[in-house]
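Beneath this line is the structure, given in structure tokens, with notes to follow.
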Amino acid sequence: MTSAREQLLAELAVRIEQVAPQEASVRHALGAMLIDVREDDERAAGTAAGAIGIARASLQARIAAIVPDRNTPILTLCGGGARSLLAADTLQQLGYTHVASVSGGFKRWRAENLPLHFDQFDADAAERYSRHLVLPEVGAAGQVKLGKARIALIGAGGLGSPAALYLAAAGTGTLTLIDDDKVEKSNLQRQVLHTDARVGMAKTESARMTLAALNPRVHIQSRGERLRATNVEALIRDHDVVIDGADNFSTRYLLDAACRHLKIPLVYGAVHRFTGQVSVFDARRADSPCYRCLFPAPPAAEDAPNCAEAGVLGVLPGIIGLLQASEAIKLVLGIGTPLVGRLLCFDALAAAFRELRLRRDPECPGCGINVEFTGYEDIARICASH
Ligand SMILES: [Zn+2]
């Protein structure tokens, strides 16, 4: 005599498509969402790589927020292949049109040596990042990469503000904010991390408060120090990408030297009045130019006014800083074509982008073929003399 549950499962097995783990893995790579419907404690011991965990009981309440398009292909996974049939049935009743259940469940998935991961991708993350998860170019695997990424931002000011906000929202694992300034009222016209009530507070602390409120999952490291020859390596080492939001040439030269030496991709951005520019210097690539291929020597002080002296349209660092964030995310995910060897220039008054080719210069004082690394102090002194 069969129980009602067994009878239901037998019916569902006829009605719902069941796919072997191998086939499920292929479909997942092609963009199908893989949903592990086991309980949180079961998933804590490991799940299929890229799977999103939503316990079966909360599927009905949560799925629309995570997979809004009911035509998205979905694969359900459980321990042995029974609960995933019930979950698939629930999804079909909710109007999802391409649902299949992974036969044999996680037990068979693991037995067939398909990729696993052990970091729990919980329901909060699944909902928060749902618009990333449905992009095949990001997906759960990309979101996990972002969650492990460590990005250093030099400056929590005009460029650093939009970059940090969106990198935090996107789920970057660790954001290191390096800035020794305090918030001033004149910053608020463009440095949107900060608020009127925080004038006088350290920028790193003000930024930490804003970013933690936006996405409490992100680990924020505050470094209230000025970048110097003596600390530059310690501050940026162990990061996957560095974002240059500095407001002075001395810091930029130092940063360029350190990123070259440590082989960390540097996302450069700069703004001046109504124009801005952005590029990527990636020392891991033999063909990549560096900052000094573009600016071999620091300009004289009178030729290099900072924002305080020259002024800047408030929205401009927003645009350039977000292009930097976009490049950083692409570098972490390994998608698209980075701005390596290209200088993207923006003119706000003309509302025009222009792209200049940047080649690596064999005579470059930074990355030239005969240049030897001699430490950071000399590079800092070049700037100090102006
Ligand atoms: Zn160079």
Setting aside same-chain residues fewer than 8 positions from Lys182, which lysines have a Cα under 25 Å from its Cα?
-> Lys203
Normalised by the residues of region 160-239, what does the relative contact order come to in percent, with Cα pairs under 8 Å and at least six apart?
-> 38
Could you point to the residue in Ala123, Ala270, Val19 farthest towards the positive end of the chain's charge dipole, with +1 and -1 charges on the Cβ of Lys/Arg and Asp/Glu respectively?
-> Val19
When a footprinting reagent is the concern and you count Cβ atoms within 10 Å, what order do Thr204, Thr2 take, fewest first?
-> Thr2, Thr204
Expressed as a whole-number percentage, the relative contact order of the chain with C-alpha contacts under 8 angstrom and at least six residues apart is 13
Order of Ile74, Ile319 from fewest to most other C-beta atoms within 10 Å?
-> Ile319, Ile74
Where the only charges are on Cβ atoms (+1 Lys, Arg; -1 Asp, Glu), what is the dipole of the chain about its Cα centre, to the nearest 20 debye?
-> 380
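Go through Lys107/Lys330; Lys148/Lys185; Lys107/Lys263; Lys145/Lys263; Lys185/Lys263 and tell me which ones have a Cα-Cα distance over 30 Å in this structure.
Details: Lys107/Lys330 34 Å; Lys148/Lys185 35 Å; Lys107/Lys263 41 Å; Lys145/Lys263 19 Å; Lys185/Lys263 37 Å.
Check vs 30 Å cut-off fails for Lys107/Lys330; Lys148/Lys185; Lys107/Lys263; Lys185/Lys263.
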Gap in Å between the Cα centre of region 10-24 and the Cα centre of region 224-298?
-> 52
Percentage relative contact order, region 240-319, counting C-alpha pairs under 8 Å, at least six apart = 30
Candidates Arg62, Arg128, Arg357, ranked by Gaussian network fluctuation over the chain, Cα under 10 Å, top entry = Arg357
How large is log10 I(q)/I(0) at q = 0.17 Å⁻¹ when the Debye formula is applied to the Cα atoms of region 110-170, each weighted equally and without solvent?
-> -0.70
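How do Leu30, Leu356, Leu343, Leu316 line up, fewest other C-beta atoms within 10 Å first? List each step's numbers first, then the result.
Values: Leu30 9, Leu356 12, Leu343 17, Leu316 22.
Ordered from fewest to most neighbouring Cβ atoms within 10 Å, Leu30, Leu356, Leu343, Leu316 come out as Leu30, Leu356, Leu343, Leu316.
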Starting at 0 and stepping by 10 Å, how many percent of the alpha carbon pairs of the chain end up in each bin?
-> 5, 21, 26, 19, 15, 10, 4, 1, 0, 0
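Taking 0.36 nm per residue of sequence separation and subtracting the Cα-Cα distance, how much length would be gained by fully extending the chain between Thr230 and Asp69, in nm to one decimal? Write down the numbers at each step before the final one.
Numbers: separation 161, 0.36 × 161 = 57.96 nm, distance 5.22 nm.
Answer, rounded to one decimal: 52.7 nm.
Quick one, could you list the DSSP H helices from the chain stretching 20 Å or more along their long axis (Cα atoms) with average Kyte-Doolittle hydropathy of 0.0 or above?
Membrane-span-like by this criterion, though nothing is claimed about a membrane: 316-333.
Taking region 9-164 on its own, what percent of its Cα-Cα pair distances exceed 27 Å?
21
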If each of Asp124 and Ala111 carries a label point 7 Å out from its Cα toward its Cβ, how far apart are those two points in nm?
-> 3.6
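Calculate the dipole size of region 162-293 relative to its Cα centre from +1 charges on Lys and Arg beta carbons and -1 charges on Asp and Glu beta carbons; express the result in debye to the nearest 20. Display every interim value, and only then the final one.
Working: 18 positive and 15 negative charges, 12 e Å.
With only Lys, Arg, Asp and Glu charged at Cβ, the dipole is about 60 debye.
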Summing -39500 (n - 2.57) over every DSSP H run of at least 4 residues in the chain and dividing by its residue count gives a helix-only mean residue ellipticity at 222 nm, to the nearest 500 deg cm²/dmol, of -11000 deg cm²/dmol
Across region 244-343, how large is the tail of the calculated P(r) beyond 16 Å, expressed as a percent of all Cα pairs?
-> 57
Interchain or long-range residues, amide H under 5 Å from Val19's placed H | Ser101, Val102, Ser103
Check Cys364: other-chain or 5+ apart residues with amide H under 5 Å from its amide H, H built from backbone geometry?
-> Ile369
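Only the coordinates and a few stated rules stand behind these numbers; no lab work does. All figures in this text were calculated on a predicted structure; none of them were measured in a lab. When we count neighbours, we look across all protein chains shown, and the Cβ atoms used for this are built from the backbone with ideal geometry, even at glycine.
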